[in-house]
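Written below as structure tokens is the structure these notes are about.
The values are calculated or read from the model by the stated rules, or taken from the named source; none is laboratory data. Quick caveat: nothing in here was measured; it's all calculated off a predicted structure. Methodologically, a virtual Cβ is constructed for each residue, glycine included, from the backbone with ideal geometry; neighbour enumeration extends over all protein chains shown.
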Amino acid sequence: MPSAGARPEEPDAAVERLRAAARSRAAHPRKVRIRQLKGLKRMLEENEQRLLDALAKDLHKSPTEARLTEIGTVRAEIDHAVLHLTDWMDPRPAKVPLALQPASAHVRARPKGMVLVIGAWNYPVQLLLGPLVPALAAGNTVVVSPSEKAPATARALQELLPQYLDPALISVVSGGRDCVQALLAHPWDHILYTGGERVGRIVYEAAAKTLSPVTLELGGKSPTVVTPSRNATAMARRIAFGKFTNAGQTCVAPDYVLAVGEVAHRQLLEHLPTAIREFYGEDPSASADYGRLVSAEHTRRLVDMLEEDVRAGARVVVGGRADVAGRYLEPTVVDGVRPEGALMREELFGPVLPILRVDTFQEALDFIADRPHPLAAYLFTDSLRYHRAFEDQVQAGAVSTDVTLIHAGMVTLPFGGVGPSGIGAYHGQAGFDTFSHLRPALTKSDQVDTLKAVYPPHGWLKRKTIPRML
């Protein structure tokens with residue numbers, strides 16, 4: 001095995017080595033897959049503190065938040081895969097039409113071969129290892145590429161993964177944009193990328209040149225629609241939790257709120273500041289539970305957008321204080337934002353929550369429909385009619401009612417986008433199927449050649465009976 005301080009493998013060498021391993025079928029046996037998954041779980045258990053320290057250094061994540069949103073979610077993926085792997089690998093029977101009997105058919109999940117997983121910086125453990133779990137469970141060889149924007153976590157994973165997983169079947173290749181471009185120049189049996197839409201287009205274009213199938217987990221401006229609530233306190237807490245976890249750097253965080261009518265608008269303005277103070281105190285910069293942004297440049301971008309909208313007439317309800325060099329921006333709620341304002345032009349990916357007021361629920365639905373499909377959409381309402389209309393009319397990667405964020409951590413739900421927010425899905429069996437070729441197989445006995453009924457020549461009798469058979 002490579003030593004703990006092993007240098008990152010060169011992209012070309014990693015690809016050639018793992019392509020040969022994929023051809024050898026060394027990762028196919030169930031016992032190999034289980035051993036890999038248990039090794040990954042053991043890595044998380046035995047090195048939890050090192051990973052917590054790395055996440056704190058990169059993003060100021062508290063240990064509790066890191067366990068909840070990073071390490072715990074990956075462990076849940078592993079446990080679920082180990083529990084269900086035998087069932088997922090079993091052939092899935094398929095019905096054969098009566099006209100084709102006697103015959104039998106099934107669909108079997110076969111390993112695709114060699115897989116590339118490109119991680120993201122905002123959840124650098126979860127978004128690298130989460131897809132790795134189903135890729136290993138499906139029997140593939142895997143190259144993982146951690147984000148260089150979370151350098152402490154990338155170094156930890158670079159050193160730890162080869163110690164706990166079979167280094168003949170996995171490679172950790174890191175080194176930034178040039179490294180990823182070198183990897184993308186090769187054909188792959190599957191590529192999974194998590195990140196922004198701009199880079200997603202680059203990955204998609206590169207994959208098209210080699211006809212490599214892709215799963216893209218992107219993002220977008222995930223809306224939250226709020227109607228008058230009987231429990232405005234819980235509503236505000238759940239919106240604040242979804243928005244300000246990881247300092248807003250979550251692809252399914254509420255990106256803006258549409259308040260339907262005066263009552264809902266007033267409830268938001270009253271209860272959101274209270275929820276923020278409950279979570280992070282009067283000075284969130286002193287809270288151990290509030291994170292930091294990834295870079296000074298990202299902080300400056302958000303501050304500039306906020307200031308532009310304030311100059312245009314928006315009002316900061318709570319927050320707004322920033323330390324650009326310290327990568328800090330207070331949890332911020334902004335009212336009176338215009339639909340064409342700076343904070344509405346692109347995904348914010350930070351702790352700024354714009355509120356826009358609309359007069360009717362249908363106006364909120366139309367507002368969402370007029371914009372690119374988001375990765376998630378949220379509704380807070382006491383109306384069953386609104387709930388049904390929201391699920392029926394909103395096009396998004398996922399929808400949730402009276403809660404935010406937590407669907408993305410459930411192994412029993414597929415996680416993915418639609419249109420510009422992503423292609424494909426993973427988590428649980430959806431992930432296993434993503435990294436598998438679901439290959440159909442048909443067997444038909446030749447003891448009685450029933451296909452004579454459709455062989456040429458097609459006389460008048462066959463011309464009459466074949467359509468009825470079909």
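Do we have residue 303 as outside any helix (DSSP H, G or I) and aliphatic (A, V, I, L, M) here? No; evaluated as a whole, the condition is false for this residue. Residue pairs whose Cβ atoms lie under 8 Å apart, separated by 6 or more positions or on different chains, with the first residue in segment 17-35 and under 24 Å from residue 187 (Cβ atoms) and the second among the small types (Gly, Ala, Ser) and in a helix (DSSP H, G or I), are 27/21; 33/137. Confirm whether residue 458 is in contact with a helix residue (DSSP H, G or I) (Cβ under 8 Å, 6 or more places away or on another chain) and modelled with pLDDT of 90 or more. So residue 458 passes the test.
Restricting attention to segment 434-455, the residues being under 16 Å from residue 88 (Cβ atoms), in contact with a helix residue (DSSP H, G or I) (Cβ under 8 Å, 6 or more places away or on another chain) and of a type outside the set (Ser, Thr, Tyr) number 1. Against the test of being closer than 20 Å to residue 82 by Cβ, of a type in the set (Gly, Ala, Ser) and assigned by TED's automatic domain parsing to the domain that holds residue 29, the options 168, 138, 150 yield a single qualifying residue, 138. Regarding segment 231-238, can at least one residue be identified that is basic (Lys, Arg), within 30 Å of residue 113 (Cβ to Cβ), part of a helix (DSSP H, G or I) and without any contact (Cβ under 8 Å) to a residue 60 or more places away in the chain? Scanning segment 231-238 turns up no residue that is basic (Lys, Arg), within 30 Å of residue 113 (Cβ to Cβ), part of a helix (DSSP H, G or I) and without any contact (Cβ under 8 Å) to a residue 60 or more places away in the chain. Filtered by the rule that a residue be hydroxyl-bearing (Ser, Thr, Tyr) and either closer than 25 Å to residue 381 by Cα or outside any strand (DSSP E or B) (or both), segment 403-439 gives 404, 412, 421, 434. On the given criteria, is residue 257 touching a Pro at 6+ places or on another chain (Cβ under 9 Å) and outside any helix (DSSP H, G or I)? So residue 257 fits the description; yes.
Residue count for segment 212-242 satisfying the condition of being aliphatic (A, V, I, L, M), under 23 Å from residue 120 (Cα atoms) and surrounded by fewer than 23 Cβ atoms within 10 Å (Cβ to Cβ): 1. Screening segment 1-117 for helices (runs of 4 or more DSSP H) wholly inside it with 3 or more residues that are of a type in the set (A, V, I, L, M, F, W, C), at pLDDT 95 or above and in the same structural domain as residue 405 (by TED's automatic domain parsing) returns no ranges.
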